[in-house]
Amino acid sequence: MKNIFVGLLLSLLPLASLAQANAEFEMIEPAGDQYYNYNFGSTFVNSRKYVDFTVTSVGDEPLQLQKLLIAGGFVFDAQTNCPDSLPVGQKCTVRTFFWPREKKLYSGRLYMVFAHGRSIVNLGGRGI
């Protein structure tokens, strides 16, 4: 059975109205669901922050990413350069955005659905 390593790499880097955050998580996915949390913190209304989640394929066979989904009322979004089948030893990125439209608390979820389970990241942030 293959395992995957998912690292979330984030560093605080302001870019005009787009900022990147930085933290690191490690996720091993033998089977089933794994849950994680990421909070974007306070973000000015109509400004964006993003975080890059790095996915690394480890084990004996390629990692099969079947689906990438995000929930969160149009304030969270995600893009990826991950192929359907990620060769062993290769990496790809899931970039997740937070773009608050009002001054309030927000929550959402990022779902990375693999052949043998899911990695689910609970997302949060505050519009200020």
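Figures for the structure shown
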quantity: Test for ILE120: is it in a strand (DSSP E or B), β-branched (Val, Ile, Thr) and open to solvent by 50 Å² or more (accessible area, probe 1.4 Å); calculated: no
quantity: Selection count where residues are assigned to a strand (DSSP E or B) and over 20 Å from GLY117 (Cβ atoms), scope segment 53-92; calculated: 3
quantity: Subset tally (residues that are open to solvent by 80 Å² or more (accessible area, probe 1.4 Å) and of a type in the set (Gly, Ala, Ser)) for segment 67-115; calculated: 1
quantity: Within segment 98-117, considering residues that are in a strand (DSSP E or B), aromatic (Phe, Trp, Tyr) and at pLDDT 95 or above, the one farthest from the chain's Cα centre (by Cα); calculated: TYR106
quantity: Residue pairs meeting the criteria (Cβ under 8 Å; at least 6 apart or on separate chains; first within 13 Å of ASP77 (Cβ to Cβ) and of a type outside the set (Ser, Thr, Tyr), in segment 107-126; second open to solvent by 10 Å² or more (accessible area, probe 1.4 Å) and not in a strand (DSSP E or B)); calculated: GLY108/GLY72; GLY108/GLY73; ARG109/GLY72; LEU123/GLY72
quantity: Filter result for ASP60 (without any contact (Cβ under 8 Å) to a residue 24 or more places away in the chain, open to solvent by 70 Å² or more (accessible area, probe 1.4 Å) and among the charged types (D, E, K, R)); calculated: no
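Listed here are the residues, each with its yes/no results for (1) at pLDDT 90 or above; (2) closer than 12 Å to LEU110 by Cβ.
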residue: GLU24; (1), (2): no, no
residue: PHE44; (1), (2): yes, no
residue: VAL58; (1), (2): no, no
residue: PRO62; (1), (2): no, no
residue: GLY72; (1), (2): no, yes
residue: GLN79; (1), (2): yes, yes
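The values are calculated or read from the model by the stated rules, or taken from the named source; none is laboratory data. Quick caveat: nothing in here was measured; it's all calculated off a predicted structure. Positions of Cβ are generated from backbone atoms using ideal geometry, with glycine treated the same way; all protein chains shown enter the neighbour counts. Surface accessibility is based on the protein's heavy atoms, side chains included, excluding ligands, DNA and RNA. Shrake-Rupley method; radii C 1.70, N 1.55, O 1.52, S 1.80 Å.
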